[in-house]
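Each reported figure results from applying straightforward, stated rules to the coordinates on display, with no laboratory input. Quick caveat: nothing in here was measured; it's all calculated off a predicted structure. Here the Cβ positions follow ideal geometry from the backbone for every residue, glycine too, while neighbour counts run over all protein chains shown.
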Amino acid sequence: MAKDKQKRFLLRMDEDLFQRLSAAADADGRSINAYIVHLLSRSAPTGNWEQRQLIGRSLAGKKLDPDSGLVLVAGIYYRYLLESPEAPDPNASYTITESHGNILTLKKSRGTIRMFGIRIVRQNNEGLVETLGKYKHSVSSGIHFYLPGIQKIRTVNLAMTPLALPHYSVITKDNADVSASLTLNYHVTNSVKYQYENTDSVESMAQLVRGHLRDIIGRMDLNEALGSTAKINQELATAIGDLTDTYGINVDRTNIDELTPSKAIQSAMDKQLTADRERIAAIAKAEGEAKSIELTTKAKNDALMATASAEATATRTRADAEKYRIDTVNSSLETATREFFENQSISAFSDLAKSPANVVVVPNDHVTDLGQIPAIGAALKSGLAPHPTKPVDPQS
């Protein structure tokens with residue numbers, strides 16, 4: 001190729017691979033650089049479909065017909081040309097180097113030529129090299145060469161991977177059926193154990209997690225399990241621990257997404273919740289009424305006590321006033337004269353005379369004067385007593 005169109009890049013490889021490439025390049029009569037370019041050019045899809053299918057194919061010498069100059073390839077007869085002028089060797093092996101229409105150019109192989117395949121192991125992946133079906137060694141991310149048909153490179157993803165464990169049945173301590181959903185994150189720690197020591201490491205890990213989850217929830221009542229997802233996550237992570245190392249996997253995180261009781265249990269829980277709410281409402285109403293009665297009774301008692309206290313205070317005040325009046329009267333009577341009492345009697349008789357009563361009250365000290373009343377009456381009837389004069393009208 002033209003020198004100004006060449007591209008240069010640094011290619012790193014281990015010592016074993018370099019030695020194998022060097023031996024293959026010597027067998028093909030090329031330098032290591034030319035041999036790698038030759039491998040890459042054959043691996044890249046160039047030319048038409050026929051060229052891609054034929055170039056690089058190996059043919060046994062006994063398939064070459066020296067008389068007709070034809071060779072059978074993939075069920076089609078092609079004319080062939082040999083790079084060397086010698087006759088075809090039926091014991092040799094030939095490689096197709098060029099294809100132009102129905103004419104193939106063949107090159108006699110010098111010894112055994114091993115074509116190398118190229119495999120790129122991506123970031124966060126590890127390659128497992130198998131030789132004749134048996135694990136040989138591991139390779140890290142990057143470009144790697146292998147012998148097709150003899151070797152194979154498997155890739156294992158080492159990045160963290162989420163895994164959802166969908167609804168599955170779990171029985172609680174009180175025999176309640178609960179549907180559990182779990183999500184976990186894991187990553188591969190040992191690709192050899194992960195790939196070769198277990199048929200399905202992920203499913204084995206999932207079964208282990210399910211088993212421990214059933215054990216944890218089986219030791220809890222339904223109400224405790226529904227309200228303890230954080231506790232279940234913690235106990236599950238502790239229970240799993242390093243057990244998944246057997247599968248070459250480490251569980252980084254577990255999370256209980258959902259714990260759903262069966263429909264029958266949900267219906268019973270709804271009824272119980274409704275009954276509890278009605279009971280709480282009835283208790284609250286009764287307590288409110290009792291509190292209202294208590295407050296009303298207390299208010300009435302306080303009012304009665306206040307009224308009684310006020311009446312007692314008023315009675316005591318009236319009694320004190322009456323006592324004061326009596327004491328004052330008694331004190332005054334002790335110092336009163338006879339003329340005072342006579343004056344009081346006159347005032348009392350004056351008030352009595354003004355009343356419509358026919359009863360006359362006479363003090364004890366004037367009872368003797370009652371005997372004079374008949375004589376006074378007789379005198380009035382006989383005319384001894386002077387009659388009252390009639391007043392004279394000045395206009396008559």
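The stretch 122-211: which trypsin sites (Lys or Arg not before Pro) are DSSP loop and have at most 16 other beta-carbon atoms within 10 angstrom?
Working: sites: 122, 134, 136, 152, 154, 173, 193, 210; in loops: 122, 173.
The qualifying sites are 122, 173.
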Simple spin-label estimate for residue 102 and residue 124 in nanometres, 7 Å along Cα-Cβ: 5.5 nm
Amide proton proximity set for residue 59, modelled H, under 5 Å, gap of 5+: 94, 95, 96
Vicinal HN-Hα couplings computed from phi for the stretch 83-99 (Karplus, 6.51 cos²θ - 1.76 cosθ + 1.60; Hz; Gly/Pro x): 5, 9, x, 6, 6, x, 9, x, 8, 9, 10, 10, 10, 6, 9, 9, 9
Stretchable slack from residue 72 to residue 8, in nm (0.36 nm times residue separation minus alpha-carbon distance): 19.1 nm
Nonlocal amide H pairs with residue 117, under 5 Å, H built at 1.01 Å: 146, 147
Length-normalised contact order for the stretch 87-166 - Cα pairs under 8 Å, 6+ apart - percent: 25 percent
